[in-house]
1. Quick check, is I53 crowded, with 18+ Cβ neighbours inside 10 Å, farther than 16 Å from A26 by Cα and within 10 Å of the chain's Cα centre (by Cα)?
2. Among the residues of the range 56-75, which ones are assigned to a helix (DSSP H, G or I) and over 9 Å from the mean Cα position of the chain (by Cα)?
3. Contact list please: Cβ distance under 9 Å, first residue in the range 54-76 and touching a residue at least 12 places away in the same chain (Cβ under 8 Å) and of a type in the set (D, E), second residue surrounded by 14 or more Cβ atoms within 10 Å (Cβ to Cβ) and part of a loop (DSSP other than H, G, I, E, B), pairs at least six apart or on different chains.
4. Scan the range 52-87 for residues that are farther than 19 Å from S20 by Cα, out of contact with any Pro (no Cβ under 7 Å at 6 or more places or on another chain) and among the hydrophobic types (A, V, I, L, M, F, W, C) and report the count.
5. Only residues in the range 37-48 that are free of Cβ contacts under 8 Å to residues at least 12 places away in the same chain and within 13 Å of I25 (Cβ to Cβ) count as the first member; pair them with residues that are exposed (fewer than 14 other Cβ atoms within 10 Å of the Cβ) and of a type in the set (A, V, I, L, M), Cβ under 9 angstrom, at least 6 apart or cross-chain, and list the lot.
6. Of the residues E79, E47, which is exposed (fewer than 13 other Cβ atoms within 10 Å of the Cβ), of a type outside the set (V, I, T) and modelled with pLDDT of 95 or more?
7. Looking at this structure, is R31 in a helix (DSSP H, G or I), over 20 Å from E79 (Cβ atoms), at pLDDT 95 or above and touching a helix residue (DSSP H, G or I) at 6+ places or on another chain (Cβ under 8 Å)?
8. For L14, state whether it is in contact (Cβ under 8 Å) with a residue 24 or more places away in the chain, surrounded by 14 or more Cβ atoms within 10 Å (Cβ to Cβ) and part of a helix (DSSP H, G or I).
Amino acid sequence: MNNRRPHLSALDQLASALRSRLSTIADHELRDRYPAAHLKKLEEASEAIDKSIAALPKSEIDPQLRHYLDRRSFDKAFEWIESNRAR
């Protein structure tokens, strides 16, 4: 296992952006009643994720997390962050 970990606040920022994306995806009421607003929130979440990824120190990112981020497997990336926080 690789013990490299990016700066915690960068990971926290990314986790928050990923959590926001998941929350927006799960908001079926907003999607059904206000599709344009739902799309705007998804776009904002995507921008926040991209900014958070750019802020991560490249040399310190765990290879598995990098794999998830490179492939935009954001659910898996979020799960990785959550399960590796306490380590």
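The values are calculated or read from the model by the stated rules, or taken from the named source; none is laboratory data. Computed from a prediction, not measured in an experiment: that's the story for all the values here. FYI the Cβ positions are ideal-geometry reconstructions off the backbone, even for glycines, and counts take in every protein chain you see.
1. Details: crowded, with 18+ Cβ neighbours inside 10 Å: yes; farther than 16 Å from A26 by Cα: yes; within 10 Å of the chain's Cα centre (by Cα): yes.
So I53 passes the test.
2. Within the range 56-75, the subset assigned to a helix (DSSP H, G or I) is 58-60, 63-70, 74-75.
Across the range 56-75, the qualifying residues are K58, S59, E60, P63, Q64, L65, R66, H67, Y68, D70.
3. Note: pairs meeting the criteria are E60/R5; E60/P6; D62/R5; D62/P6.
4. Result for the range 52-87: 1.
5. Short answer, once both residue conditions are applied: none.
6. Values: E79 fails: exposed (fewer than 13 other Cβ atoms within 10 Å of the Cβ).
Every option except E47 fails the conditions.
7. Numbers: in a helix (DSSP H, G or I): yes; over 20 Å from E79 (Cβ atoms): yes; at pLDDT 95 or above: yes; touching a helix residue (DSSP H, G or I) at 6+ places or on another chain (Cβ under 8 Å): yes.
Yes; evaluated as a whole, the condition is true for this residue.
8. Values: in contact (Cβ under 8 Å) with a residue 24 or more places away in the chain: yes; surrounded by 14 or more Cβ atoms within 10 Å (Cβ to Cβ): yes; part of a helix (DSSP H, G or I): yes.
When the stated conditions are applied, L14 passes them.
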